[in-house]
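None of the figures in this text is laboratory data; all of them are computed from the coordinates on show. Source: prediction; values computed, not measured. Virtual Cβ from ideal backbone geometry, glycine too; neighbours counted across all protein chains shown.
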Amino acid sequence: MANIKLSEDKINIIKEIAKSFGNRAGEVINVLHQVQGKFGYLPAEVQEVVAHELNIPVSRVYGIVSFYSFFTMEPKGEHPIDVCLGTACYVRGAEKVLDAFARELNVQIGKCTADGKFSLNTLRCVGACGLAPVAMIGDKVYGRLTPDQIPGIIAEYK
Amino acid sequence: MINLTIDNKPIQVPEGTTILKAARMNGIDIPTLCHFELDGMNFENKPGGCRVCVVEVKGRRNLAPACATDVMEGMEVLTHSARVINARKTVVELILSDHPNDCLQCEKNGDCELQSLTKRLGIKEIPFKGETSTYRKDSTLSVYRDMDKCVMCRRCETMCNKFQTAGALSGVNRGFQAVVAPAFEQNLGDSSCINCGQCVQVCPVGALTLVDNISDVLKAIADPTKKVVVQTAPAVRVALGEEFGMQPGEIVTGKMAAALRRLGFDQVYDTDWSADLTIMEEGTELLGRLQKALKGEEVKLPMFTSCCPAWVAFYEKNFPDLLEYPSTAKSPQGMFGAVAKNYLAPKLGVKREDLVVVSVMPCLAKKSELAREELGVNGDQDVNISISTRELAHMIRQCNLNLNDMPEEDFDSPLGQSSGAAVIFGSTGGVMEAALRTAYELHTGKTLPRIDFEETRGFQGIKEATIDFDGFPLKIAVAYSLGNARKIMEEVRNGNPNGYHFVEVMACPGGCIGGAGQPYHHGNSNIIRKRMEAIYREDAGKPIRKSHENPEIIAIYDEYYGKPCGHLSHEQLHTHYFDKSDKLEATK
């Protein structure tokens with residue numbers, strides 16, 4: 001694995017997670033789940049190490065990462081923003097809220113801002129439909145959002 | 001045994017049989033698209049994904065995929081009820097609604113399973129209109145990918161991962177964006193692909209095709225400043241006839257030589273000749289290693305054959321720690337190129353750059369092999385162009401010839417005569433048998449008691465034997481499919497517990513006869529069997545059956561190379577291997 005650019009620490013974290021699942025190929029989803037939990041995302045290098053540890057082709061690991069919407073190859077920002085696009089939020093204007101975040105931060109959905117502060121993603125229902133439309137920044141929930149509130153909310157984190 | 005009825009016909013089949021197989025065993029041919037099997041060669045793809053093979057099973061609410069449903073006692077199956085035919089047509093119409101309409105210009109035109117299925121089901125229009133998926137085109141030197149045509153049958157993925165264990169292709173993304181691609185959707189050439197091309201051989205449509213080099217050959221022939229010579233591999237002559245309506249296994253050596261001459265090649269030579277040369281070099285190398293081992297010197301054993309370029313690419317990428325095990329002998333294609341450019345060019349009175357060496361191969365990996373930097377001088381490759389059996393057939397038709405009408409002609413001399421040992425290079429076990437015939441006689445100084453080594457023949461994925469080398473028990477193994485080769489390599493990595501001395505590897509099903517450049521067999525493994533029978537028939541009919549008895553081989557050593565594994569042959573006929581495992585990392 002001559003070309004892996006990950007630090008020794010990070011490689012060891014992946015190795016330990018893989019080991020805790022017996023380095024079994026069948027546990028690849030669980031391993032990826034935990035690794036993403038540690039790093040926040042699954043860049044190519046990380047997938048290479050996972051593939052190596054479980055002795056499966058990296059193409060298969062990538063097949064899994066690219067299939068499940070839970071897995072991401074994009075880093076999360078310091079303050080990850082998740083806008084709910086579940087049915088209740090959607091009919092109450094979640095799309096406009098999402099657009100407002102994207103415009104305000106000048107970032108594409110699924111990506112991270114250049115300074116690494118914010119990342120913008122969507123999700124399906126956080127179980128707070130009474131507050132629709134809902135967004136989360138980190139663990140904090142914002143409800144009954146309108147697009148004009150967004151610049152103010154972002155300012156809280158700057 | 002299980003009793004059931006299919007289309008009201010009572011039948012009996014063993015437990016565990018699928019409805020599809022039960023039907024086919026009884027003369028009922030349920031159509032399929034994704035399903036693909038090479039009977040007796042340990043390859044089956046049955047994701048049950050395309051739903052073309054659906055049948056009605058009495059008492060079951062939904063239609064059942066015949067390829068993935070086992071028979072049960074008392075089952076009543078209908079394969080062509082109105083409901084089944086309707087569903088089957090709808091499935092194919094939906095596939096066609098996201099498939100380009102460029103059949104006329106498609107590489108697979110006339111040889112496409114989706115095309116023939118559409119015809120068979122009588123589909124005249126596509127009632128579904130909607131978005132169509134599109135994906136960037138990608139190519140290596142061997143394989144061309146046009147994923148717009150992909151029907152997601154996953155045959156290529158199964159071939160790549162289960163049969164070859166190359167691990168280059170995987171289903172990635174989801175829904176409408178789903179595509180079969182390498183990791184991180186990098187180019188195939190940057191992936192762990194070894195260019196065996198078997199994905200092309202099994203692709204039902206034109207999503208994976210060969211890189212067509214016919215126009216390069218026509219251009220060279222038309223160039224008055226070039227002399228163009230051609231070499232043809234052993235497996236081509238037992239398959240080319242299929243493209244002209246002949247039965248599988250018909251031997252067309254003489255007709256092929258005649259056709260090549262009429263296509264305009266200046267000289268028509270034979271890769272079989274350089275296969276004999278390969279045996280001299282490889283056999284001598286093996287004896288050298290064995291003699292050292294007997295003296296207690298440290299030496300790498302087992303020695304692996306090195307004729308198969310997909311295999312070479314495979315161990316360079318996956319086993320960089322074992323690069324000293326394979327023979328350093330170039331492949332027969334490579335040896336022919338080296339001899340042509342170094343020995344033949346001066347004889348023909350041309351500069352090496354003005355001699356164009358074309359090879360006709362059953363193989364797509366040969367297109368990548370010839371481009372290896374070490375197999376050329378200052379950018380002039382020893383072999384300039386490689387075309388497959390299918391491309392040669394195209395060329396013959398394009399040039400208004402019919403192979404059936406060709407007379408029987410001989411190859412040109414001095415690189416045209418060959419032994420039976422060279423012919424069997426085209427089959428799994430053949431290189432081993434050819435090497436044994438020569439190594440035995442060179443080692444013992446005695447005539448072989450029997451020339452046929454039955455233990456190296458047949459379709460078993462890994463064959464093992466101990467050959468009595470005049471008292472020395474020579475342990476050999478023969479493998480086809482790189483999945484089988486991987487097993488042996490892992491054993492060698494763990495200290496070679498079986499004590500092998502010599503191992504032959506070919507990547508393709510049944511060896512080169514099942515190569516990716518051969519006429520499409522569409523999963524009919526009997527075609528590959530017939531080609532194998534033909535190979536051994538051709539061998540048996542040859543007056544000379546041992547490489548070291550080929551007079552043109554004896555002559556070139558007398559005149560030019562001196563002795564096998566001598567100084568000059570080391571320079572020209574041997575090569576070296578590189579650690580290409582870094583290529584596997586997408587993180588360069």
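Points worth noting:
- Peptides B:243-254, B:277-288 ranked from most to least packed give B:277-288, B:243-254, packing being the mean of other C-beta atoms within 10 angstrom over each peptide's residues.
- Peptide-level mean, for A:28-38, of C-beta atoms on other protein chains within 10 Å: 0
- Counting, for every residue in A:50-62, the Cβ atoms of other protein chains within 10 Å of its Cβ and taking the mean gives 6.
- Region B:138-210 - percent relative contact order, Cα under 8 Å, separation 6 or more: 44 percent
- Taking the Kirkwood radius as Rh and the Cα radius of gyration as Rg, region B:451-516 has a ratio of Rg/Rh equal to 0.99.
- Note on region B:483-543: with charges restricted to the Cβ of Lys and Arg (+1) and Asp and Glu (-1), its dipole about the Cα centre is near 140 debye.
- Per residue of peptide B:167-173, the mean number of Cβ atoms on other chains within 10 Å of the residue Cβ is 6.
- Computed label-point distance, nm, for sites residue A:111 and residue B:405 using a 7 Å Cα→Cβ extension: 6.3 nm
- Working note: Cα gyration tensor of region A:79-155, eigenvalues times five, square-rooted, sorted largest first, giving semi-axes of 19, 12, 11 Å.
- Of interest is the spacing of the C-alpha centroids, which for region B:32-86 and region B:285-334 amounts to 46 Å.
- Across all Cα pairs in the protein assembly as shown, the calculated P(r) in 20 Å bins from zero up to the longest distance comes to 15, 42, 31, 10, 1 percent per bin.
- Spin-label model distance (nm) - residue B:89 vs residue B:493, 7 Å beyond Cα toward Cβ: 5.4 nm
- Relative counts (whole %) of C-alpha pair distances in region B:352-451, using bins that are 10 Å wide: 12, 27, 36, 20, 5, 0
- Disulfide-incompatible cysteines by the Cβ rule (no partner under 4.7 Å) in chain A: A:112, A:125, A:129
- Relative packing of B:124-132, B:376-384, which averages over residues the other C-beta atoms within 10 Å, highest first: B:376-384, B:124-132
- A simple spin-label model places pseudo-atoms 7 Å from Cα toward Cβ; at residue B:291 and residue A:23 they are separated by 4.2 nm.
- Solvent-free Debye scattering, log10 I(q)/I(0), computed from the Cα coordinates of region B:501-548 at q = 0.20, 0.28 Å⁻¹: -0.80, -1.03
- Top positive-direction residue, dipole computed over the protein assembly as shown with Cβ charges, set B:287, B:384, A:63: A:63
- Here the convex hull built on the C-alpha positions of region B:85-129 has a volume of 71 cubic angstrom per residue.
- Of B:137/B:366; A:5/B:300; B:255/B:367, those spanning more than 29 Å from alpha-carbon to alpha-carbon: A:5/B:300
- Assigned charges on the beta-carbon of Lys, Arg, Asp, Glu; region B:2-120 dipole about Cα centre (debye): 460 debye
- P(r) tail fraction, chain B - alpha-carbon pairs more than 38 Å apart, %: 33 percent
- Within a straight-line Cα-Cα reach of under 19 Å, residue B:129 can be paired with the following lysines, leaving aside sequence neighbours fewer than 8 residues apart in one chain: B:89, B:149.
- Coordinate range of the alpha-carbon atoms in chain A per principal axis, descending: 50, 30, 22 Å.
- For region B:138-210, projected area of the alpha-carbon convex hull averaged over all directions, nm²: 4.2 nm²
- Projected area, mean over directions - region A:8-67, Cα convex hull, nm²: 3.4 nm²
- Computed on chain B, with alpha-carbon pairs under 8 angstrom and 6+ residues apart, the relative contact order is 17 percent.
- Shown for region B:399-547 is the translational diffusion coefficient from the Stokes-Einstein equation, using the Kirkwood radius over Cα pairs, a temperature of 20 °C and a viscosity of 1.002 mPa s: 126 µm²/s.
- Separation between Cα centres of region A:18-54 and region A:88-153, rounded to whole Å: 29 Å
- Region B:106-126 versus region B:353-372: alpha-carbon centroid distance in Å: 33 Å
- Debye, to nearest 20: dipole size of chain A, +1 on Lys, Arg Cβ, -1 on Asp, Glu Cβ: 240 debye
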